[in-house]
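A short worksheet on the structure shown next.
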Amino acid sequence: MQVKTKAIVLSSLKFQETSLIVKCFTLSDGVKSYLIRSAFGSKSSKVGGAKIAYFQPMTLLEIDAIHKNKGTLEQVKEVKIYWPYQTIPTDIVKSSILLFLAEMLQHSIHEEEKNSDFFDFLEAALLWLDTHQETANFHLALLLEATKYLGFYPDTSAEGLPYFNLQEGQFSEVLSLGALSEHETDLFKRGLHLQFDSDQKLFHVSERQQLLKIIIDYYSLHLSGFKKPKSLEVLKAVFS
């Protein structure tokens, strides 16, 4: 079936000498992997004139493709960038955030089915990042909000209680096995109320790193096959 869809690049991997395997989160069909033939060849041989830069992490694409929906690599007929980032490519902080988020999401989104609400949220978030400078809390707010679409947003009905159990995804009165300390729970509660434009001084550097560790632990407990991002150390260095 021929499909024209928006897509967010999650990862790309060189295949053989001249091709790429590109994993995308598409608006039309959820996660899809495409074989981009002759990606390293001459300009005329590239799919739709696409450049390697088109397949950088979290690039916003418009793809014209053939979806066979058989769990194999799909065929791309044409691809173009529908929102060329204005500030992200030259901003080391923003580009590091995108590299980290791409790793987090490629190990979090697995469904080959449409999830337009999640796609719309991620698209709006990326456009916000490209057009604003308040970036320190962006990845924290995005990852916590993303759990709503991934199916394990914390149960906040008892948010007033002092401890949060990562395994159960609930707040509790007692410090049980798998629960955060009272201080860690306070950080987590503050994180749940973050907005992209929240005051950048809301967290100290050490608190921001501690909250990120909590979020990653939370993801690892609730997502099968989740892997700790290799770019985490780069992100820590950028925000240190």
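The values are calculated or read from the model by the stated rules, or taken from the named source; none is laboratory data. Keep in mind the model is a prediction, meaning the values are calculated, not measured. Cβ coordinates were reconstructed from backbone atoms using ideal geometry, including for glycine residues, and neighbour counts include every protein chain displayed. All accessible areas refer to the heavy atoms of the entire protein, side chains included, with ligands and DNA or RNA removed. Shrake-Rupley method; radii C 1.70, N 1.55, O 1.52, S 1.80 Å.
Dividing the mean sequence gap of close Cα pairs (under 8 Å, 6+ apart) by how many residues the chain holds gives a relative contact order of 17 percent. Using R0 = 51 Å, the C-beta based FRET efficiency linking Ala53 and Thr156 works out to 0.80.
At a 1.4 Å probe radius, carbon and sulfur cover how many percent of the accessible area of the chain?
50 percent
Modelled spin-label separation between His183 and Asp64, with each label point placed 7 Å from Cα along the Cα-to-Cβ direction: 5.8 nm. Segment Thr90..Leu127, full-extension length gain: 11.8 nm, with 0.36 nm per residue of separation and the alpha-carbon distance subtracted. Computed with every protein chain present, the accessible area of Ser95 is close to 40 Å² [probe 1.4 Å]. Between the helical axis of 138-150 and the longest alpha-carbon principal axis of the chain there is an angle of about 80 degrees.
Taking the solvent-accessible surface of protein heavy atoms with a 1.4 Å probe, what is the per residue accessible area of the chain in Å²? Walk me through the numbers before you get to the answer.
Numbers: 11870 Å² over 240 residues.
For the chain, the solvent-accessible area averages 49 Å² per residue.
Percent relative contact order of region 107-240, based on C-alpha pairs within less than 8 angstrom and at least six residues apart?
Numbers: 127 pairs, mean separation 33.7, N = 134.
Relative contact order here is 25 percent.
The stretch between Asp217 and Lys14 holds 70.1 nm of extra length on full extension. This uses 0.36 nm per residue minus the Cα-Cα distance.
Here is how the number arises for the chain: DSSP H runs of 4 or more residues each give -39500 (n - 2.57), the sum is divided by the residue count, and the result at 222 nm is -11000 deg cm²/dmol.
How much length would be gained if the chain were fully extended between Ser206 and Val174, taking 0.36 nm per residue of separation minus their Cα-Cα distance, in nm to one decimal? Before the final figure, lay out the partial values.
Working: separation 32, 0.36 × 32 = 11.52 nm, distance 2.57 nm.
So the extension gain works out to 8.9 nm.
Dipole size of region 119-197 about its Cα centre, with +1 on Lys/Arg Cβ and -1 on Asp/Glu Cβ: approximately 80 debye, rounded to the nearest 20. Quickly work out the Leu35-to-Trp83 label distance, labels modelled 7 Å from Cα along the C-beta direction, and quote it in nm with one decimal. It works out to 3.2 nm between the two label points. Charges were assigned to the Cβ only: +1 to each Lys and Arg, -1 to each Asp and Glu. The resulting dipole of the chain about its Cα centre is roughly 1320 debye.
Please give the charge dipole size of region 77-211, origin at the Cα centre, charges +1 on K and R Cβ atoms and -1 on D and E Cβ atoms. Round to the nearest 20 debye. Please list the in-between numbers first.
Details: 9 positive and 22 negative charges, 72 e Å.
Dipole about the Cα centre, nearest 20: 340 debye.
In summary, the lysines within cross-link reach of Lys6, defined as a Cα separation below 19 angstrom excluding same-chain residues under 8 places away, comprise Lys23, Lys32, Lys51, Lys68, Lys77, Lys80, Lys114.
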